[in-house]
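Asks: Encoded as structure tokens, here's the structure I'll be asking about.
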Amino acid sequence: MNYFKKAILGLIIFSSTTSFAQNNYEKSMQAMMKGDYKTAVTQLEKADTKTPDNANVLKMLGYSYFQNGEYEKCIATYSRLLTMKPNEVSAYYYRGKARLNIANDPKESLNTMRENFYTAAIKDFTKAIEINGDEDTQMFQNRGLAYKDYAIFKSYKVKKNTEKLACVALFNNSIADFQKVLTMQPLRKDIIDWVAYDKAQIVSLK
């Protein structure tokens, strides 16, 4: 699923049906098409001020924040969107990716909230899968990566046998998601390699 194209289409539709803050929408759309997400953010923030709680604006703004690496703002924006549109798949998807990126950021290594970001990312991907169905490989791939990264994070602190079992369970969840990707895209070498990696980590924990 190409969420970027869907987001752009949403903006085009919205821009053609309202004259409110028209100039900001047009400028943000043009900027996004050029990959200039900093300009897009500037214009969309102005639009958000003029038309607060507009779902189309929030969708585009959240995506632009994500592309700029402003993950905390991305999360906050998509959370606002989900209060209005609780079944917006793209919001769960990109909020999950933003949360996973924060969890994997080396600067977060001493942050006690790091585990919460991993679990929240997994919940977001899971919700997106529930809404969207089982045919989107991007959803399973990203949840598989989230399970893997969370398992690696927890494995650094393993002391008890129960903690090992918890890590193994996470790695197995990762493998299960990657296997779903392979049922639809069996020649994905990157996914095959991640499955092999997960299995090697499980062996190392035994």
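The values are calculated or read from the model by the stated rules, or taken from the named source; none is laboratory data. Only a predicted model underlies this, so the values are computations on that prediction, with no experimental measurement involved. Glycine also receives a Cβ, built like all others from the backbone with ideal geometry; neighbour counts cover every protein chain displayed. Quick note on the areas: whole protein, heavy atoms, side chains included, nothing else; ligands and nucleic acids left out. Shrake-Rupley method; radii C 1.70, N 1.55, O 1.52, S 1.80 Å.
Asks: Give the stretch 157-206 a look and list any residue that's within 22 Å of R114 (Cβ to Cβ), under 20 Å from the mean Cα position of the chain (by Cα) and not hydroxyl-bearing (S, T, Y), or say none.
Replies: Listed by number, the residues that qualify are L170, F171, N173, D177, W194.
Asks: What residue, among those in the stretch 123-145 that are acidic (D, E) and within 12 Å of L182 (Cα to Cα), is modelled with the lowest pLDDT?
Replies: E135
Asks: Which numbered condition trips up Y65, out of (1) surrounded by fewer than 23 Cβ atoms within 10 Å (Cβ to Cβ); (2) closer than 29 Å to W194 by Cα?
Replies: The failed condition is (1).
Asks: Can you confirm whether R114 is basic (K, R), within 20 Å of P86 (Cα to Cα) and surrounded by 16 or more Cβ atoms within 10 Å (Cβ to Cβ)?
Replies: no
Asks: Taking the criterion of being modelled with pLDDT under 80, more than 25 Å from F140 (Cα to Cα) and in contact with a helix residue (DSSP H, G or I) (Cβ under 6 Å, 6 or more places away or on another chain), would at least one residue in the stretch 44-56 satisfy it?
Replies: no
Asks: Specify which of the listed residues (M29, M33) is at pLDDT 60 or above, open to solvent by 60 Å² or more (accessible area, probe 1.4 Å), touching a helix residue (DSSP H, G or I) at 6+ places or on another chain (Cβ under 9 Å) and among the hydrophobic types (A, V, I, L, M, F, W, C).
Replies: Exactly one residue qualifies, and that residue is M33.
Asks: Then there's this: Just checking, how many residues over the stretch 122-179 are more than 17 Å from S204 (Cα to Cα), open to solvent by 70 Å² or more (accessible area, probe 1.4 Å) and part of a loop (DSSP other than H, G, I, E, B)?
Replies: Total satisfying the criteria: 2.
Asks: Continuing with this model, one more query. Can you pull out every residue in the stretch 68-87 that is polar (S, T, N, Q), surrounded by fewer than 18 Cβ atoms within 10 Å (Cβ to Cβ) and either part of a helix (DSSP H, G or I) or touching a strand residue (DSSP E or B) at 6+ places or on another chain (Cβ under 8 Å) (or both)?
Replies: N68, S79, T83 - these are the residues of the stretch 68-87 that are polar (S, T, N, Q), surrounded by fewer than 18 Cβ atoms within 10 Å (Cβ to Cβ) and either part of a helix (DSSP H, G or I) or touching a strand residue (DSSP E or B) at 6+ places or on another chain (Cβ under 8 Å) (or both).
Asks: Output the number of the condition that S79 fails; it satisfies all remaining conditions of (1) of a type in the set (S, T, Y); (2) touching a helix residue (DSSP H, G or I) at 6+ places or on another chain (Cβ under 6 Å); (3) without any contact (Cβ under 8 Å) to a residue 40 or more places away in the chain.
Replies: (2)
Asks: I'd like the full set of residues that are loosely packed, with under 12 Cβ neighbours inside 10 Å and over 18 Å from I129 (Cβ atoms), limited to the stretch 180-195.
Replies: Matches in the stretch 180-195: P186, L187, K189, D190, D193.
Asks: For the stretch 88-121, name all the residues that are of a type in the set (A, V, I, L, M, F, W, C) and outside any loop (DSSP other than H, G, I, E, B).
Replies: Result: V89, A91, A98, L100, I102, A103, F117, A120, A121.
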